[in-house]
Amino acid sequence: VINNVFHNWGHQFLYDEELLCKTLADAGFQYPRRMTLGQSEDPQLRSVESHGRNMDDEEMITFETMVIEAVR
């Protein structure tokens, strides 16, 4: 039901952390790790998220954004 509501807003699917990590593993990724928004072990991946550029509410951005980094 929740995914149907969000799909109507243009999202394809909503993941929780467990399902996203499993999906990444099924796709051949290893070592999934939750990261802080804007942070990465790889300098080229730091601050690449663009979601926050459209909002002016840092607390809401942090609340609704999940970043998982994995290795392939």
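The values are calculated or read from the model by the stated rules, or taken from the named source; none is laboratory data. All figures in this text were calculated on a predicted structure; none of them were measured in a lab. Heads up, the Cβs are rebuilt from the backbone with ideal geometry, glycines too, and the neighbour counts pull from every protein chain shown. Accessible surface areas use protein heavy atoms only, side chains included; no ligands, DNA or RNA. Shrake-Rupley method; radii C 1.70, N 1.55, O 1.52, S 1.80 Å.
For the chain, what does the helix formula give at 222 nm: sum of -39500 (n - 2.57) over DSSP H segments with n ≥ 4, over the residue count, nearest 500 deg cm²/dmol? Rounded to the nearest 500, the figure is -8500 deg cm²/dmol.
Near the amide H of Val67, within less than 5 Å, lie the amide hydrogens of Met35, all on another chain or at least 5 residues away, with H placed in the peptide plane. Along the Cα→Cβ direction, 7 angstrom out, place labels at Phe29 and Asn8. What is the inter-label distance in nm? Taking the two extended label points, one gets 2.9 nm. Summarising the label geometry, the points placed 7 Å from Cα in the beta-carbon direction at Leu37 and Glu59 lie 1.3 nm from one another.
Taking only protein heavy atoms and a 1.4 Å probe, what accessible area per residue, in Å², does the chain have with all protein chains in place? Write out the running numbers ahead of the final one.
Working: 6190 Å² over 72 residues.
I get 86 Å² per residue for this part.
The orientation-averaged shadow of the Cα convex hull for the chain, equal to a quarter of the hull surface, comes to 5.7 nm².
Keeping the other protein chains in place, figure out the carbon and sulfur percent of the accessible area of the chain, with a 1.4 Å probe. If you can, show how the numbers build up before the last one.
Details: 3240 of 6190 Å².
That share works out to 52 percent.
Between the beta carbons of Val71 and Asp16, assuming R0 = 25 Å, the FRET efficiency works out to 0.75 to the nearest 0.05. Solvent-accessible surface (1.4 Å probe) assigned to Glu69 amounts to roughly 40 Å². Note on surface exposure: Tyr15, Tyr31 rank Tyr31, Tyr15 by accessible area, highest first, 1.4 Å probe. Surface listing: Val67, Val48 arranged by accessible area from highest to lowest gives Val48, Val67, probe 1.4 Å.
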